[in-house]
Amino acid sequence: MASILLLHGPNLNLLGQREPAIYGTTTLADHQERVIRAAADRGHTVEVLQSNHEGELVDAIHSARGRHVAIIINAGALTHYSWSIHDALGAFEGRVVEVHISNPHARESFRHVSVVAPKAVCTIAGLGAEGYDLAVRAAVVNAPSR
């Protein structure tokens, strides 16, 4: 079985409560369980981490090297300015899939730029919870077993 690291950034612990008109009523735990099920259906395991602290996410990306075949990341607001996450993802040898529940391009202009996207094989945005299913599929395409 290969393993995927699922990362969620700042404020995503409030999913289901925070701005439901934008992010829906699905909780972070619901999204995580969805990814775990979708990955298991494809013979993969998932390690999950949500943090409101940039350095903790960077540390998790560093520790993913050699342990996970892919990272699925919703970096939240860090998507738009965290060069440390960008650089950490650049040192990861597996697949990186960026996912967003809402469509950042349909929102405020500062959300139109992603520093994560250049390190990702794809970005899935605006599909709500279903975007996580596609993220798993993208993460495990040709994934080697570890």
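Since every read-out is calculated from the coordinates, none of them should be taken as a lab result. Computed from a predicted model, the values in this text were never measured in an experiment. Neighbour counts run over all protein chains shown; Cβ positions are idealised from the backbone, glycine included.
How about segment 90-116: which of its residues are in contact with a helix residue (DSSP H, G or I) (Cβ under 8 Å, 6 or more places away or on another chain), under 23 Å from His62 (Cβ atoms) and surrounded by fewer than 15 Cβ atoms within 10 Å (Cβ to Cβ)?
The answer is Gly90, Ala91.
Can you pull out every residue in segment 1-24 that is surrounded by fewer than 17 Cβ atoms within 10 Å (Cβ to Cβ) and β-branched (Val, Ile, Thr)?
Scanning segment 1-24 gives a single hit, Ile22.
Mind counting the residues in segment 36-84 that are crowded, with 17+ Cβ neighbours inside 10 Å, in contact with a strand residue (DSSP E or B) (Cβ under 8 Å, 6 or more places away or on another chain) and of a type outside the set (Gly, Ala, Ser)?
Number of matching residues: 15.
Being farther than 17 Å from Val97 by Cβ and either assigned to a loop (DSSP other than H, G, I, E, B) or of a type in the set (A, V, I, L, M, F, W, C) (or both) is the filter here, so list the residues in segment 44-66 that pass it.
Ser51, Asn52, His53, Val58, Gly66
Name the pairs whose Cβ atoms lie under 8 Å apart, with the first residue in segment 114-137 and under 13 Å from Ile72 (Cα atoms), the second assigned to a helix (DSSP H, G or I) and β-branched (Val, Ile, Thr), and 6 or more positions between them or separate chains?
Correct list of pairs: Val116/Thr79; Val116/Ile85; Tyr132/Val35; Ala135/Val35; Val136/Val35.
For segment 23-43, which residues satisfy the criterion of being out of contact with any helix residue (DSSP H, G or I) (no Cβ under 8 Å at 6 or more places or on another chain) and part of a helix (DSSP H, G or I)?
Selection gives Tyr23, Ala29, Asp30, Gln32, Glu33, Ile36, Arg37, Ala40, Asp41.
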